[in-house]
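Here is the structure we will look at.
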Amino acid sequence: MTILFSTVVYILGFVGLAAITLIPLRAWHFLRAHFGCDASGSAKISRVLVAVLFGAVLVADVRIIVRMFHCLTGAYCGPTVAHGWIFLAMLGVVYFVLEALVTVISAMSRLASGGAMRS
């Protein structure tokens, strides 16, 4: 069980390491691609909802990165060696939740606007 937990923390840690760059890039890409178009009311609401979501995730991203910076540059990082990996794993979870919510909100917006029925 310990090996499984360690493996999950390391995998999420590597995702979190990548998410340091992916979260701002994903936010920029989505906002640039979707905010210039004319859209129906439900699509506009979903865009604003996703923009607020990206704002909250960027705040969480910065907070975790600051904690990582203090962990790496300070004299004390935590009670164990894995404390830095746990910070990165938290960021990995934040990234997975972000992608899941963006996918769900986009799908709901397409269904509400009737875009899923068109081929």
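The values are calculated or read from the model by the stated rules, or taken from the named source; none is laboratory data. Just so we're clear, the structure is a prediction, and the values are computed from it rather than from any experiment. Every residue, glycine as well, gets a Cβ built from its backbone with ideal geometry; the counts of neighbours run over all protein chains shown. Side chains included, ligands, DNA and RNA excluded: accessible areas come from the protein's heavy atoms. Shrake-Rupley method; radii C 1.70, N 1.55, O 1.52, S 1.80 Å.
A value for Cα extents along the principal axes in Å was derived from the coordinates, and within the list (i) 60, 33, 32; (ii) 59, 34, 23; (iii) 55, 31, 16 it appears as (iii). Other residues lying with their Cβ under 13 Å from the Cβ of PHE54 contribute a combined charge of +1, Lys and Arg counting +1, Asp and Glu -1. In the chain, once you exclude exposed chymotrypsin sites (Phe, Trp or Tyr not before Pro) (DSSP loop, at most 14 other Cβ within 10 angstrom), what's the longest stretch remaining? Segment 77-119 is the longest.
For the chain, what does the accessible surface come to per residue with a 1.4 Å probe? Please give it in Å².
Per-residue accessible area for the chain comes out at 67 Å².
Think of the chain as having a plus end and a minus end, set by charges on the Cβ of Lys, Arg, Asp and Glu; of TRP85, MET68, ALA19, ALA19 sits farthest toward the positive end of this dipole.
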